Amino acid sequence: AGGNGDGIVNPGENIEIPTWVKNWGNLAAENVIGRLRTICPNAVITDSVKSFGTILPGDSSSTGPDGYDLTVASSCTNGYLIPLRLFCQDQNDSVWQSNINIVVGTAVLNYADKVVYDPEPGGNNNGRIDPGEIGELVVVLRNTGLGNGYNVSAMLKSGNPRLIVLDSVGSFGTIFYNTAGANETDRFMVLAANTIPQQTSIPCTLHITADGGYTV
């Protein structure tokens with residue numbers, strides 16, 4: 001709720017947490033109230049009290065779809081752990097505590113590989129950019145984070161004036177966690193100057209952005 005609906009807790013999202021509790025004892029727990037708490041500075045519980053009713057021995061009860069509500073700070077990073085504690089109390093003032101950990105996931109996108117296209121006319125289609133050629137560049141990004149990267153795009157910048165970037169923006173679409181994606185349908189375009197010697201390595205950088213304020 002209030003997020004992108006992918007089942008992953010992302011920074012800045014409002015999270016709905018439907019919760020089940022089970023009575024592991026031999027007696028019924030009557031009129032159980034569950035209160036969710038946290039001491040985490042990067043999370044705010046906005047709906048913290050739920051009624052589970054009477055729970056018979058060995059039976060379970062849930063909040064239903066309208067669970068506890070949690071707002072996650074936008075400053076949380078990939079793998080950030082939000083500790084929660086659930087206090088359940090019955091009408092006899094018996095109290096049970098349960099620890100619940102919520103892990104925040106974001107995309108973590110890094111360069112993995114590249115493919116060069118230098119088709120005719122002007123190129124010799126040998127898979128590299130030779131002096132004087134215009135080439136198309138496909139970059140592969142790998143997502144090593146715990147969250148998905150949505151609307152991923154990147155800007156290519158050359159570190160040498162002899163390699164001119166003619167089309168600096170490439171779109172990658174969605175790159176799911178633990179997968180890779182490429183700008184195959186929106187390639188970068190570069191021009192190699194005639195003065196570049198063969199086998200010259202030209203440093204380049206990528207500025208990567210995605211939904212949710214992701215930038216690197």
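Shown here for the range 108-216: chymotrypsin sites (Phe, Trp or Tyr not before Pro) in loop regions (DSSP other than H, G, I, E, B) with at most 16 other Cβ atoms within 10 Å, namely PHE176. On a C-alpha basis, how far is the centre of the range 59-83 from the centre of the range 1-49 in Å? Whole number, if you could? Comparing the Cα centres of the range 59-83 and the range 1-49, I get a distance of 5 Å.
At 1.4 Å probe size, with the rest of the protein present, what percent of the exposed accessible area of the chain is carbon and sulfur atoms?
Carbon plus sulfur share of accessible area: 53 percent.
In the chain, the convex hull through the Cα atoms has an average projected area of 15.0 nm², a quarter of its surface area.
Could you do me a favour and compute the accessible area per residue for the chain, 1.4 Å probe, result in Å²?
Working: 11980 Å² over 216 residues.
About 55 Å² of surface per residue is accessible.
The THR77 and TRP20 beta-carbon pair, evaluated with R₀ = 30 Å, returns a calculated FRET efficiency of approximately 0.55.
The values are calculated or read from the model by the stated rules, or taken from the named source; none is laboratory data. Given the structure is predicted, the values throughout are model-derived calculations rather than measurements. Here the Cβ is made from the backbone with ideal geometry for all residues, glycine too, and neighbour counts use every protein chain on show. For accessibility, only protein heavy atoms count, side chains too; no ligands or nucleic acids. Shrake-Rupley method; radii C 1.70, N 1.55, O 1.52, S 1.80 Å.
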